[in-house]
Each structure stands twice: as structure tokens, then as C-alpha cells.
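Below: one structure, written as C-alpha cells.
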Amino acid sequence: MTISKEKFQGTGTALVTPFRQDLSVDEDALARLVEFQVEGGVDMILPCGTTGEGATLESDEWERVIARVVELVAGRVLVIAGAGCNSTARAQRLTQRAAKLGADAVLSVGPYYNKPTQEGYFEHFKAVTEVNDLPVVVYNVPGRTSGNINAETTLRLAELPGIVAVKEASGDFPQIMEILRCRKEGFRVLSGDDALTLPMIAAGGDGAVSVVSNEVPALYGEMVDRALEGDLERARALHYRLLPLMRANFLESNPIPVKAVLAMMGLLADTCRLPLTEASPQTRDALGRIASELGLIMKKGANGEKGANA
């Protein structure tokens, strides 16, 4: 499927993968989560990425989650499948499979563990684009991969016809601004860090791939939309309203905290796959206070009932 680059903007949710207590994928909860996102007005849903614990999914589970999200979305928003790998050959196979499953694009992370050179990054993503015409969103997240895709390499990748955007989670503002300054027309730069989305859009960015939008798709989506429209006063108010939750979502490794909040909201079971564990009592208490203040859960927060804004 050929997708216009103009569509890769706005709010994308890095969707969590819900598990039952026996650690199997909970498709009923998945359906609730997808509908919550679509009704909240997000523009893109990204299953099987970091937040979706894609690294722990078996091949058949990965395929089923993507196929089910595509089915549930039914063309209402873009589905961008997490299909990255540190093996170039496997990343190619995942990209081919994502196309057959009906995804609109893939999110392809920079190869981890191998620690490639900048030329290695370029050749890796170039190879991924050559297997089919599915659009590729490059994901730069040095904190997870131990390697940074620098601005020069990102700008080279932007010249490839199959690369439509970058999800930038380096936290390196000079690097991000260099990409924004020099990118070719139509190449999208998406924030990979919720707390940095507003300043990135103010500098010329195009939106975000978000963790916090799992919990607050409507509020976070409004913040992004207002910022893109130039209403920085309203965007700033929403940013500071959501900032405590954005930060609390990383008190422990993502997606431990966001799953804890979603469980408090009654949307899924509070279950991660090892090596991730449940949130500590201290983190859970902090999340409960913040979620209560936002109206996502009832004040006591432990019974799973949803508040007015949930």
C-alpha cells in the first residue's frame, strides 16, 4: 500500500500489549485499548514496539496482534507495525510480513547490540526499504540500542523513497534541530519522548509517537493538535497538566508504569512479561495519585473504576 507522507503526523500511540494473568495475549483487552485510542482521536496506532513488549512476543503472537489491530482499526487511523530487529535479514522478513498482515507502515528501530557504524545504519535501513514499498519510520532510541543515528545519517535516509519519517528519542536537541533544519520537504520528524513533544513541535516537528496517549489519548492528542496549529498557549497548558504523568510513566522501565495506570482504569490486567516485573508499591502509589488528579481513576484508585475523563 502506498501511503502519503503527509499522513505521518499528529499523535501516534505506542500501544501496550495486554496480557492475561497466564501471560497469554488478551485480545478482549486489546480490542478495548484500540477503541479507546480511536475514540480519543489519535492519528496512528503502533503495535508491537518497545511499549508493546514486542521483544517478548513469539512470532505467531506478533502476527496475531498486528492482524487484530489492523482488523479493529478498520482503516480509521494508520497502523504502523513494530518490525525492527538487529538482524537486517530478519527486519526485512518482518517488514514483508507486516505488509501481508495489512499494516500501513513499519516502525524500524536502529539495530541494537551490534553497534553498527553510521554507514551500517544507512545500509541496514536501505535494505529494509528494498523488500517492498511499505513506508518505513526509522526509530532512533540510543537509550535502548546503545547507538545513535546521527543527523547526517538521518538526512541521508530521508532521501530514500521508502523512508517517510523518524521517531527521534535521542533527547539531543541540537541533533533534532539539525534534522528539522535540513530535512527535505515531506519528511516527518516525530517526538519519541512525551515530555519533549511540545518543544519539538515548536521547533518544527510533526507530532509524536507517545506512551502517555495510552492513558490520555484525547488530552494528549489535543495538546499535539493545538501545538501543530500554533496555539501554543493552550498546548502549553495541556503539556504542564500532563507532565507529571509523562514523567511518572518512566519511574520504572516502560511499559511497567503505563500498564499499572491502565489497570487502575480497568482496561487491562497489570501484567508484564519477564524480565519486566510489576511496579513497586512506591511507584504504584505515585501513579495512583497522579491518575486521580487527572480524573482517570476514582480517588481511592484501587478498585479499577474509571473517572470521568478515562
Exercise. Angle, helix 232-248 long axis vs. longest principal axis of the chain, Cα atoms, 0 to 90°, nearest 10?
Worked result: 70 degrees
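Roughly what % antiparallel, to the nearest 5, for the DSSP beta bridges in the chain?
Values: 2 of 29 bridges.
Of all bridge pairs located within the chain, approximately 5 percent are antiparallel.
So what is the calculated 222 nm ellipticity per residue for the chain, using -39500 (n - 2.57) for each DSSP H run with n of 4 or more, over all residues, to the nearest 500 deg cm²/dmol?
Working: 12 runs with 134 residues, N = 310.
Computed ellipticity for the chain at 222 nm equals -13000 deg cm²/dmol.
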Problem set entry | Cα-based Rg / Dmax (Å) for the chain | 18.1, 53
Seminar exercise, completed: In whole angstrom, the spacing between the Cα centers of segment 1-64 and segment 185-223 equals 17 Å
For this session: Ignoring everything but the protein chains, give the 1.4 Å probe accessible area of Y112 in square angstrom, nearest 10.
Result: 80 Å²
Seminar exercise, completed: Taking protein heavy atoms only, a 1.4 Å probe, and rounding to whole percent, the accessible area of the chain owed to carbon and sulfur comes out at 50 percent
Exercise. Any idea of the accessible area per residue across segment 52-151, 1.4 Å probe, to the nearest Å²?
Worked result: 42 Å²
Problem set entry | Spherically averaged projected area in nm², based on the convex hull that wraps the Cα atoms of segment 176-310 | 8.9 nm²
Exercise. Is the shape of segment 1-120 rounded, prolate or oblate, going by the alpha carbon gyration tensor and its root eigenvalues a ≥ b ≥ c, with a/c under 1.5 for rounded and a/b larger than b/c for prolate?
Worked result: oblate
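The values are calculated or read from the model by the stated rules, or taken from the named source; none is laboratory data. None of the values given here were measured: they were computed from a predicted structure. In case anyone asks, the SASA skips ligands and DNA or RNA and just uses the protein heavy atoms, side chains included. Shrake-Rupley method; radii C 1.70, N 1.55, O 1.52, S 1.80 Å.
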